[in-house]
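A.B. asks: Below is a structure I'd like to ask you about.
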Amino acid sequence: MKFELPGLPYAIDALAPIISKETVEFHYGKHFQTYVNNLNNLIQGSKFENANLDIIVRDSEGAIYNNAAQVWNHDLYFKSFSPTPKNEPSGDLLNAIIKSFGSFGEFKEEFSKVAIALFGSGWVWLYKKSDGALAISQESNAGNPIHSKSGTPLIACDVWEHTYYLDYQNKRADYIKNYWNILDWKTIEASF
Ligand code: MN
């Protein structure tokens, strides 16, 4: 299967100034595209040649896994933003957040803390466990909950430096603080 860079659901400059046009050009246009190209090259002639992305993320290892997971993770990451976001969850998802974290505010505080504390490159996830409870996890590099079979991803927050360095330099905490202002809970609710 040949994978393609998925389209963005907004204009390339629509998330500015929180995520600038330049960052989207590099992060989406170059980094994400490179993971797609690498994956297409790596699966040729392998047992994953005709597999769908979820299966590759779950079952592969090494370079194929790293690139497949980065394709999967960036797809969710870029899809979850909107220039006109729904800023808070409601309904069943809000109830699940309250049950697992106490309140939406406490969830955001805990998620932010985990994102700021992640050492080096990686991802912070909100995912749903098989018993229905929600959990936050911190994964190094391309780490994805589908691979560790810990649950179904709802939010993927990229904290690799390429995500924020052009806009915030070393200040990851500022990126995380602003991140909430473009995260669209409507799209997250749709996958819950
Ligand atoms: Mn990235």
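A.B. asks: Of the numbered conditions (1) open to solvent by 30 Å² or more (accessible area, probe 1.4 Å); (2) more than 16 Å from the ligand (Cβ to nearest atom), N37 fails exactly one; give the number of that condition.
C.D. replies: For N37, the failing item is (2).
A.B. asks: So, of the residues in region 150-163 that are open to solvent by less than 10 Å² (accessible area, probe 1.4 Å) and not polar (S, T, N, Q), which turns out to be nearest to the ligand (Cβ to nearest atom)? Talk me through it step by step, then tell me what you get.
C.D. replies: Just the residues of region 150-163 that are open to solvent by less than 10 Å² (accessible area, probe 1.4 Å), to begin with: 154-159, 163.
Applying the additional criterion that residues be not polar (S, T, N, Q) yields 154-159.
Details: L154: 18, I155: 14, A156: 10, C157: 10, D158: 4, V159: 9 Å.
It comes out as D158.
A.B. asks: Here's a check for you: in region 49-82, which residue that is surrounded by 21 or more Cβ atoms within 10 Å (Cβ to Cβ) and assigned to a loop (DSSP other than H, G, I, E, B) is farthest from the ligand (Cβ to nearest atom)?
C.D. replies: The residue in question is S60.
A.B. asks: Right, another one. Whether any residue in region 92-102 is of a type in the set (F, W, Y), in contact with a strand residue (DSSP E or B) (Cβ under 8 Å, 6 or more places away or on another chain) and more than 18 Å from Y28 (Cβ to Cβ) is what I want to check.
C.D. replies: If we filter region 92-102 for residues that are of a type in the set (F, W, Y), which is where we start, we get 101.
So of that shortlist, the ones also in contact with a strand residue (DSSP E or B) (Cβ under 8 Å, 6 or more places away or on another chain) come out as 101.
If we keep only those that are more than 18 Å from Y28 (Cβ to Cβ) too, we end up with 101.
There is at least one residue in region 92-102 that is of a type in the set (F, W, Y), in contact with a strand residue (DSSP E or B) (Cβ under 8 Å, 6 or more places away or on another chain) and more than 18 Å from Y28 (Cβ to Cβ).
A.B. asks: Still on this structure, please answer the following. Q169 passes all but one of (1) in contact (Cβ under 8 Å) with a residue 24 or more places away in the chain; (2) open to solvent by 30 Å² or more (accessible area, probe 1.4 Å); (3) within 21 Å of Y28 (Cβ to Cβ); which number fails?
C.D. replies: If we test Q169 against (1) in contact (Cβ under 8 Å) with a residue 24 or more places away in the chain; (2) open to solvent by 30 Å² or more (accessible area, probe 1.4 Å); (3) within 21 Å of Y28 (Cβ to Cβ), just (1) comes out false.
A.B. asks: Follow-up question, since we're still on this one. Looking at region 83-93 only, could you name the residues that are open to solvent by less than 40 Å² (accessible area, probe 1.4 Å) and in a helix (DSSP H, G or I)? Spell out the reasoning first.
C.D. replies: If we filter region 83-93 for residues that are open to solvent by less than 40 Å² (accessible area, probe 1.4 Å), which is where we start, we get 85, 89, 93.
Listed by number, the list holds a single entry, L93.
A.B. asks: Confirm whether V57 is within 22 Å of Y165 (Cβ to Cβ) and under 18 Å from the mean Cα position of the chain (by Cα). Full working, then the answer.
C.D. replies: Working: within 22 Å of Y165 (Cβ to Cβ): no; under 18 Å from the mean Cα position of the chain (by Cα): yes.
The answer is no for V57.
A.B. asks: Could you grab me the full set of residues in region 172-192 that are without any contact (Cβ under 8 Å) to a residue 40 or more places away in the chain and aliphatic (A, V, I, L, M)? Before the answer, list the steps.
C.D. replies: Just the residues of region 172-192 that are without any contact (Cβ under 8 Å) to a residue 40 or more places away in the chain, to begin with: 174-175, 190-191.
Correct list: A190 only.
A.B. asks: For region 1-28, name all the residues that are small (G, A, S) and either surrounded by 15 or more Cβ atoms within 10 Å (Cβ to Cβ) or in the same structural domain as Y175 (by TED's automatic domain parsing) (or both).
C.D. replies: Of the residues in region 1-28, the ones small (G, A, S) are 7, 11, 14, 16, 20.
Of everything in region 1-28, those that are small (G, A, S) and either surrounded by 15 or more Cβ atoms within 10 Å (Cβ to Cβ) or in the same structural domain as Y175 (by TED's automatic domain parsing) (or both) turn out to be A14, A16, S20.
A.B. asks: Looking at F3 and the list (1) more than 13 Å from W72 (Cα to Cα); (2) in contact (Cβ under 8 Å) with a residue 12 or more places away in the chain; (3) part of a loop (DSSP other than H, G, I, E, B), which single condition is not satisfied?
C.D. replies: That leaves (1) as the condition not met.
The values are calculated or read from the model by the stated rules, or taken from the named source; none is laboratory data. These numbers come from a predicted model, not from an experiment. As a convention, Cβ positions derive from the backbone with ideal geometry for all residues, glycine included, and neighbour counts pool all protein chains shown. Just the protein is used for accessible areas: all its heavy atoms, side chains included, with ligands, DNA and RNA removed. Shrake-Rupley method; radii C 1.70, N 1.55, O 1.52, S 1.80 Å.
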